[in-house]
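The values are calculated or read from the model by the stated rules, or taken from the named source; none is laboratory data. Quantities reported herein were computed from a predicted structural model and do not represent experimental measurements. Heads up, the Cβs are rebuilt from the backbone with ideal geometry, glycines too, and the neighbour counts pull from every protein chain shown. With ligands, DNA and RNA removed, areas are computed over all heavy atoms of the protein, side chains included. Shrake-Rupley method; radii C 1.70, N 1.55, O 1.52, S 1.80 Å.
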Amino acid sequence: MTSAAYVDELRALGLAAGLDAVGVASAEPFAFARRVLTERRAAGLNGALHFTYGNPERATDPSRALTGAQALVVGARSYRRQAHRPRAGRPHARVASYAWADHYRPLRDALGQVARRLEADGWRARVLADDNALVDREAATRAGLGWYGNNTNVLLPGRGSWFVLGSVLTDAPLPAAGERMADGCGPCRRCLPACPTGALVAPGVLDARRCLAALVQAPGPFPVELRAALGDRLYGCDDCQDVCPLNRLADRAQPPPPAGEGDEAWVPVLELLSLSDDELLARFGRWYIPRREPRHLRRNALVVLGNVGDGSDPAVDAALRRAVADRDPLVRAHALWAAHRLGRVDVVDEVLAHERDAAVLADVRAWAPSPLPAGS
């Protein structure tokens, strides 16, 4: 077996390349993760999430990604930054911390250096990160980097959960970590009631059908009953991490650095709604956008506008009127909801006087307080 000293060299290489923690796991199939994925998918808890739920057998068997796989060199890289809220003014939409920039690129670069070292020594290696070919969190817990928190994220001792995770899969027979790390959450359940929609239905159990971070990435209409709960969130949700005492302790022990020049923590809503499809993909293409259709970003932005906009602002009025006249029924439906929420009944009535699309009218019926205008 390749020696522990060799693993130490790989760990040192990964840390020098920018990783914050490195461990080694066996490449044996993830039986526990497969069982959990299968059970939760059968219960419908995956909602519209595909990712590793789409093919649990593949995502929990490393040998599917590399024949003859023996080990996983697992890395974690912090994305924790601190950003100030924008000054009062035109509406802004919040972006979850992990999506401020492409944090997976430097993670993959660092893992790539480990992979190249393995290859130089005659082994095969493949980098896997944010890929439905592997359950990254299971690899991290098996490698001893942390434990599954009650908020479903992996928590690293003394460091919290603000990390992206990835692995180098290799046929090198590396000595793996021993026992899994013990649960460090204890009796704490603070993250469960902090979820704005109650999506954390039990410690470590997420109902993706109610999770805002999952719903902003799901195709089709945003659930009417959860639109108000979306608040100012355009992409992702950090609430369950924000309230975590371990994350707060980690921030006090080592205050996070300020957001970088390229970090985009807040997005001007009216500016987003003015962009073309090509412009939206060029600016936000690093995010998962359902079917790569920018209409879903406009959908999210319109819900945010309805929650935080000022219906008397001429610029908001102009954005609403453009959106309710859009050719896309999905955009029109969410624009009508936003107009109604901002008290712009005049805009809603004008549109409904001639709207005939069945999907738009069905959406309106889900939230309209009174019968639709005659002819609708």
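When the residues of the range 134-154 are filtered to those that are more than 17 Å from Ser26 (Cβ to Cβ) and of a type in the set (A, V, I, L, M, F, W, C), which remaining residue is surrounded by the most Cβ atoms within 10 Å (Cβ to Cβ)?
Ranking the candidates gives Val154 first.
Suppose we keep only residues that are open to solvent by less than 10 Å² (accessible area, probe 1.4 Å) and among the small types (Gly, Ala, Ser) within the range 287-309. Which one would you say is nearest to Ala96 (Cα to Cα)?
Ala301
So which helices (runs of 4 or more DSSP H) stay within the range 1-59 end to end and still have 2 or more residues that are in contact (Cβ under 8 Å) with a residue 24 or more places away in the chain and not hydrophobic (A, V, I, L, M, F, W, C)?
It comes to 4-16, 31-42.
Only one of Arg248, Arg209 is among the basic types (Lys, Arg), touching a Gly at 6+ places or on another chain (Cβ under 6 Å), open to solvent by 30 Å² or more (accessible area, probe 1.4 Å) and at pLDDT 95 or above. Can you tell me which? Steps first, please.
On the way: Arg248 fails: touching a Gly at 6+ places or on another chain (Cβ under 6 Å).
Of Arg248, Arg209, the one residue that is among the basic types (Lys, Arg), touching a Gly at 6+ places or on another chain (Cβ under 6 Å), open to solvent by 30 Å² or more (accessible area, probe 1.4 Å) and at pLDDT 95 or above is Arg209.
Which ones in the range 265-286 are of a type outside the set (Gly, Ala, Ser), touching a helix residue (DSSP H, G or I) at 6+ places or on another chain (Cβ under 9 Å) and either open to solvent by 40 Å² or more (accessible area, probe 1.4 Å) or closer than 25 Å to Cys191 by Cα (or both)?
Correct list: Asp277, Leu281, Arg283, Arg286.
Look at Val347 and say whether it is buried (at least 17 other Cβ atoms within 10 Å of the Cβ) and farther than 23 Å from Val216 by Cα.
Considered against the rule, which asks whether it is buried (at least 17 other Cβ atoms within 10 Å of the Cβ) and farther than 23 Å from Val216 by Cα, Val347 comes out as yes.
Could you give me the residue pairs with C-beta distances under 6 Å whose first residue belongs to the range 84-102 and is under 24 Å from Gly285 (Cβ atoms) and in a loop (DSSP other than H, G, I, E, B), whose second residue is open to solvent by 70 Å² or more (accessible area, probe 1.4 Å) and among the charged types (D, E, K, R) wherever it lies, and which are 6+ apart or on separate chains?
Here the result reads Asp102/Arg286, each pair linking the range 84-102 to a residue that is open to solvent by 70 Å² or more (accessible area, probe 1.4 Å) and among the charged types (D, E, K, R).
Taking Ala88 as the residue in question, decide whether it is more than 30 Å from Pro219 (Cβ to Cβ), at pLDDT 95 or above, open to solvent by 60 Å² or more (accessible area, probe 1.4 Å) and of a type in the set (A, V, I, L, M).
no
Quick one: Gly311 ticks every box in (1) modelled with pLDDT of 95 or more; (2) under 25 Å from the mean Cα position of the chain (by Cα) except a single one, so which number is it?
Evaluating Gly311 over (1) modelled with pLDDT of 95 or more; (2) under 25 Å from the mean Cα position of the chain (by Cα) leaves (2) as the failure.
For Asn150, only one of the following conditions fails: (1) on the phi > 0 side of the Ramachandran plot; (2) under 18 Å from the mean Cα position of the chain (by Cα). What is its number?
Only one criterion in (1) on the phi > 0 side of the Ramachandran plot; (2) under 18 Å from the mean Cα position of the chain (by Cα) is unmet by Asn150, namely (1).
In the set Ala69, Ala115, Ala59, Ala125, which member is of a type outside the set (Phe, Trp, Tyr), buried (at least 17 other Cβ atoms within 10 Å of the Cβ) and at pLDDT below 95?
Every option except Ala59 fails the conditions.
Suppose the filter is under 30 Å from Gly306 (Cα atoms) and without any contact (Cβ under 8 Å) to a residue 60 or more places away in the chain; does Thr197 pass it?
yes
Collect the residues in the range 155-180 that are within 15 Å of Ala25 (Cα to Cα), within 28 Å of the chain's Cα centre (by Cα) and surrounded by 21 or more Cβ atoms within 10 Å (Cβ to Cβ), keeping them in residue-number order.
Leu165, Gly166, Ser167, Val168, Leu169, Thr170
With the condition kept exactly as written, say whether any residue in the range 282-305 is of a type in the set (A, V, I, L, M, F, W, C), under 22 Å from Arg85 (Cα atoms) and part of a loop (DSSP other than H, G, I, E, B).
Within the range 282-305, one or more residues are of a type in the set (A, V, I, L, M, F, W, C), under 22 Å from Arg85 (Cα atoms) and part of a loop (DSSP other than H, G, I, E, B).
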